[in-house]
Amino acid sequence: MVIETNDMLKILLCMVAVFALTPLLAQMLNFRQYQVESGLSNNQVRCSMQDTRGFLWFGTPDGLNRFDGYTFKVFRNNRCNPAHSDNNNIRSLCEDAGGKLWVGTDRGLFHFDPRTESFRLVAVDTPSVVRSMKMDTRGNLWFVLGDKLHRLNSYSGAIKIYPWHHYFKATTVCFIGNQLWVGGAEGVLGKYNATTDSFTMFDVFEGAVVPDKNKWIDQLYATDNGDLLVGTATHGAKIFHPATGAFQDMLTYHEDNTTVFAKDFVQMNKEEYWIGTESSGIYVYNSKTGKVGHIEKRYNDPYALSDNSINTFCKDTDGGIWIGSNYGGLNYYSNTYDVFKKYYPKEGRYTLRGNVIREIHEDDKGNLWIGTEDGGLNKLDIATGRFFNYHPDAARPSIAYKNVHGMLIDGNDLWVGTYVHGLDILDVTTGAIKHHYPIGPDSNSLQSDIITAIYRSADQQIYLATVRGVYLYHRKQRNFSLLKSLSPGSSTCLFKDKNGCLWAGTTMAGLKMLNTLTGQVKRFTHDASDPASIGSGCINAVFCDSREQIWIATDGGLCRYNAAGNNFTRYTTRQGLPSNMILSMLEDNSGQLWIATSHGLACFSADSKPVRVYKKENGLLSDQFNYRSAFKAKDGTLYFGSLKGLVSFHPASFTTHTFQPPLYLTGIQVDNKELVIGNKTKALHQSISFTDSIVLKHHQSSFSIDFAALNYTAPECTEYAYKMEGLDDSWTYLKVNRKAYFTNLLPGSYRFKVKASAGGAQWSMAERVLYIRILPPWWLSPVAFLLYITACIALVVVLVKRYKRKVLLKNQRRMEQQELVKTRAMYEEKLHFFTNVAHEIKTPLTLIKGPMETVVKAVGDMPHIAQSLQIMDRNTNRLVELTHQLLDFKQTEIKGFSLSFTRTNVSELLKEAFDSFKPLATSRGLEYSIALPEEMVFAWIDAEAFNKITSNLFSNAVKYAESKVAVTLMGVEAGSGLFVIEISNDGFVIPPEMAERIFEPFFRLKETKKRSGTGIGLALAQNLAQLHNGWIALKKAEVGLNTFSLKMPTRQV
């Protein structure tokens, strides 16, 4: 390919513009890095934006990330369907007027609702990659799907497609005000005309200096002054002026003569633009001077850009810049965060050696000499930013030791006091060692090789503090003398005031003051009971401010000396200092003190102004500084040494931010598990950041709430306070945490309040309120209490009824008992009556019976008289038998009936009794039968009583039978030793409920009262059976039969 001379000249000019970089190139900006270890879902960040609520959103190949300054919350689409994983490969983002997000992926366009945290697929012609999108003021979303421009009406859902064969292949969209501009794949820039729905085309590459057919436009960016920045794939970055239609090259070539692929832009201020490139980091372009700076990745540097492949920029509402890279995650830059310039060991030459900075001094040429405790001596050339190192070297004369504890520049001499290796005098110009002072043999020599401080007073006297006292240097003799009044003891720091008083701090003995004119010595020691005493016995520094006020840095706070009272005013953490361990201090040009402590840097004023505290989150290298490691340069720049390097800043560069970050609830966890919108608990219906009230069940009463003020500059410095009204009305203050925990809250209504302070002093942000209702368990719910009341009422009713029934039953029992007593009495009276009658009748009957038998025998041949006499004899016998039964029953009732048990043949007795009633059964026409076992049954019984039992049973069976009577001797039951006799008849079937009452004396069934009887027989038989330890029972009725069962033991115990 032939390149014209004019084209070559243009190329050379562009290269010169790049290579002739200004000190901007050397500007070392500091970045904060966020990667997957910080919670980011993927280190490839392709797009970014900040919504109207203040949250930051980042698109990655592994989902959508929302950032609140502390944590990333990842949202993935179709998380349960691996086949749709391309939906999580996010390429572009846009927010509509309703606060909802439009998300462009590799597989189409989605609508994301932050309120419900859900995605909805937008139906388009063919699913493809959505490269770019922007929303106009009419609610139209313009987006590039594949290589076609689309317009979606967000209200109606109507889509208009602009096919490339009718228009052009689109790549990116941008608005300047309300004017739409579209970049194309073939180097054209289209200006949309809404009236005609057409485009006016501009050729971006007309007169291009790069002879390349690739004219891909990758990005468009609208500047504040109405210009359009154009990022191309092989032609670098250009500026398009819509007013004139002219193009201007910003940056075309890298330093290696390869073309720049400009991926994105961001405007830093009125004149400065950052250009993100595909492989060379960030270029900083100044539109006023045309000069270019370069920011690149520095390997193993935690404060540098993490990757050179830049995909996206996002400028937040506080002015911070978020940089999404291809492999290094996110980088954050803020002017506020970058106020502190950092010096720390890095790879390569001309870098600081040593982390623990102890001494900082400036020579006449403006170079800084820095003594470290672990890396020797360093010289910083402020003009070039290069460090030169001096450390022990056996090959040539050098400093004695790498642990430097004291330094002083005296003209061309640099005094270097080391730890246990004495004192070195170094030539500032040549770096050569001029003299070394070890421990000497005489009184004019140093008696300690541990030099803790070197100090030159206003009268040019040089003093050395050592662990064995304070020495005065004699310039003429070049030797030392020990100040005995300040010795012995380990001294740490020195200062001589305008009155000639030399102040010497010690490690444990407090502060000493020697009046060098009078020789008088004062000692100030710590007294725990005296608040006006010095703060601690350990003195770290003595400082005199511009008002001749002496300040003492101690391990117990900052102390101001009051000459009038010869005492001290103490300032500690109670006054807002970050720590009571004060290590060093400086005064800036406005009279404020900068206090270096073991937990941060404080800007302090003795008046009522609040203390401003700066920590690592604000851009420091470390929160812990080092002893007496502070220096103020001639231009007002302050330097402080820490355990991880050196920081410098100019107090005038600090700006007061009026931005008040919004405060949101960002998470709620129940039993340490995040509540999910719409899950089975149904407690959370939308994102907690949109929720004003929530109802929890009783088993969800242990929960925690996350909150965040969207302050991205130094979120760790934001302090929070919360309270749960209904539980505790006092505020709980949090300095390092942003989560509130609550355990086992009682059912009820609560109001959770949280507030934040961006600076830790003024709580000016609006409070965030969440109403919380914890439901009682079902057994404590209103319905349950209603049921309890109902149950109690029912129980009372039941108890009352039971009581009434109990009283009624008791009365009934009392009446029954009274009736029983009455009945018993009547029974006793009846029995007594019948017994008396029986006694009275028995003798006359006996007297009648004898003559009756004689008469019967005498009338033998007179049949008609004999028959009458036989009837009279039979009834007389019956009356005698009844009287005997009454008398026997009486005896059994009063337990006066005695039995005589003999071994008797039961079978024979039963057969005799059966035979005795056979005539009666025959006369009544009954089927009368007996069944006896083959083996005779013997038992110990009273034969007479047994006969009475069987006679009564036979008598009843025959008397009440209708057609048959059956008698069965069952024999002896195995195991029980009982013999059983069953007598059955087919008379009136006795009801089961009467089975017991028929054995009561004088009881008769009304159905059988037509037959003659007294009701004594069964009662007598039962009593006699029981006297034999047996019993009579009416068996369960068979069909049409009554069966009486007599059971008696064969042996009597």
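Spot the failing condition for VAL972; the list is (1) modelled with pLDDT of 85 or more; (2) within 26 Å of ARG924 (Cβ to Cβ); (3) among the aliphatic types (A, V, I, L, M), and only one is missed.
(2)
Considering PHE1003, PHE946, which residue is in a loop (DSSP other than H, G, I, E, B) and among the aromatic types (Phe, Trp, Tyr)? Walk me through it before giving the result.
Numbers: PHE946 fails: in a loop (DSSP other than H, G, I, E, B).
Result: PHE1003 is the single residue among PHE1003, PHE946 that is in a loop (DSSP other than H, G, I, E, B) and among the aromatic types (Phe, Trp, Tyr).
Yes or no, residue by residue, for (1) outside any loop (DSSP other than H, G, I, E, B); (2) among the charged types (D, E, K, R); (3) surrounded by fewer than 14 Cβ atoms within 10 Å (Cβ to Cβ):
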position: PHE143; (1), (2), (3): yes, no, no
position: TYR155; (1), (2), (3): no, no, yes
position: THR171; (1), (2), (3): yes, no, no
position: CYS174; (1), (2), (3): yes, no, no
position: PHE202; (1), (2), (3): yes, no, no
position: PHE205; (1), (2), (3): no, no, no
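Only residues that are surrounded by fewer than 18 Cβ atoms within 10 Å (Cβ to Cβ), closer than 22 Å to TRP1031 by Cβ and at pLDDT below 90: list them for region 934-946, please.
Answer for region 934-946, where residues must be surrounded by fewer than 18 Cβ atoms within 10 Å (Cβ to Cβ), closer than 22 Å to TRP1031 by Cβ and at pLDDT below 90: ALA943, GLU944.
Residues that are within 19 Å of GLY535 (Cβ to Cβ), at least 3 per element: which strands (runs of 3 or more DSSP E) completely within region 563-653 meet that?
Working: elements: 567-571, 582-587, 593-597, 600-604, 612-614, 625-632, 638-642, 645-649.
Those strands (runs of 3 or more DSSP E) span 567-571, 582-587, 593-597, 600-604, 625-632.
Is there any pair with a first residue in region 594-623 that is within 22 Å of PRO715 (Cα to Cα) and a second that is of a type in the set (Lys, Arg) whose Cβ atoms are under 6 Å apart and which are 6 or more apart or on different chains, and what are they?
These pairs meet every condition: GLY600/LYS615; CYS603/ARG612; LEU621/LYS342; LEU621/LYS644; SER622/LYS644; ASP623/LYS615; ASP623/LYS616.
Quick check on my filter: what residues within region 361-397 are surrounded by fewer than 19 Cβ atoms within 10 Å (Cβ to Cβ) and among the hydroxyl-bearing types (Ser, Thr, Tyr)?
THR384
Within region 903-910, is there a residue that is modelled with pLDDT of 85 or more, in a loop (DSSP other than H, G, I, E, B) and assigned by TED's automatic domain parsing to the domain that holds ASN956? Quick ask: steps written out before the conclusion?
Going through region 903-910, the residues modelled with pLDDT of 85 or more turn out to be 903-910.
Now restrict to residues that are in a loop (DSSP other than H, G, I, E, B): none.
The answer is no, given that none of the residues of region 903-910 is modelled with pLDDT of 85 or more, in a loop (DSSP other than H, G, I, E, B) and assigned by TED's automatic domain parsing to the domain that holds ASN956.
If the Cβ limit is 7 Å and pairs must be 6+ apart or interchain, which residue in region 686-708 that is assigned by TED's automatic domain parsing to the domain that holds LYS755 pairs with which residue that is of a type in the set (Lys, Arg) and crowded, with 18+ Cβ neighbours inside 10 Å?
Sorted first by the residue in region 686-708, then by its partner, the pairs are ASP706/ARG738; PHE707/ARG738; PHE707/ARG768; ALA708/ARG738.
Which of (1) surrounded by fewer than 21 Cβ atoms within 10 Å (Cβ to Cβ); (2) in contact (Cβ under 8 Å) with a residue 24 or more places away in the chain; (3) farther than 19 Å from TYR221 by Cβ; (4) over 31 Å from the mean Cα position of the chain (by Cα) is the odd one out, the single condition THR105 does not satisfy?
Evaluating THR105 over (1) surrounded by fewer than 21 Cβ atoms within 10 Å (Cβ to Cβ); (2) in contact (Cβ under 8 Å) with a residue 24 or more places away in the chain; (3) farther than 19 Å from TYR221 by Cβ; (4) over 31 Å from the mean Cα position of the chain (by Cα) leaves (1) as the failure.
Can you tell me which residue within region 451-466, out of those that are among the aliphatic types (A, V, I, L, M) and either modelled with pLDDT of 95 or more or in a strand (DSSP E or B) (or both), is farthest from LEU502 (Cα to Cα)? Explain how you work it out, then say what you get.
Here is the first cut: in region 451-466, the residues among the aliphatic types (A, V, I, L, M) are 451, 453-454, 458, 462, 464-465.
If we keep only those that are either modelled with pLDDT of 95 or more or in a strand (DSSP E or B) (or both) too, we end up with 451, 453-454, 462, 464-465.
On the way: ILE451: 18, ALA453: 14, ILE454: 13, ILE462: 11, LEU464: 12, ALA465: 12 Å.
Applying the filter and picking the extreme gives ILE451.
Can you work out which of the residues in region 441-456 that are touching a residue at least 24 places away in the same chain (Cβ under 8 Å) and more than 60 Å from the chain's Cα centre (by Cα) is surrounded by the fewest Cβ atoms within 10 Å (Cβ to Cβ)? Please lay out each step first, then the result.
So in region 441-456, the residues touching a residue at least 24 places away in the same chain (Cβ under 8 Å) come out as 443-447, 449-456.
Keeping just the survivors that are more than 60 Å from the chain's Cα centre (by Cα) gives 443-447.
Working: SER443: 10, ASN444: 14, SER445: 15, LEU446: 22, GLN447: 17.
For region 441-456, the residue satisfying everything is SER443.
The values are calculated or read from the model by the stated rules, or taken from the named source; none is laboratory data. Nothing here was measured: the structure is a model prediction, and the numbers come from that model. No Cβ is skipped: glycine too gets one built from the backbone with ideal geometry, and neighbour counts run over all protein chains shown.
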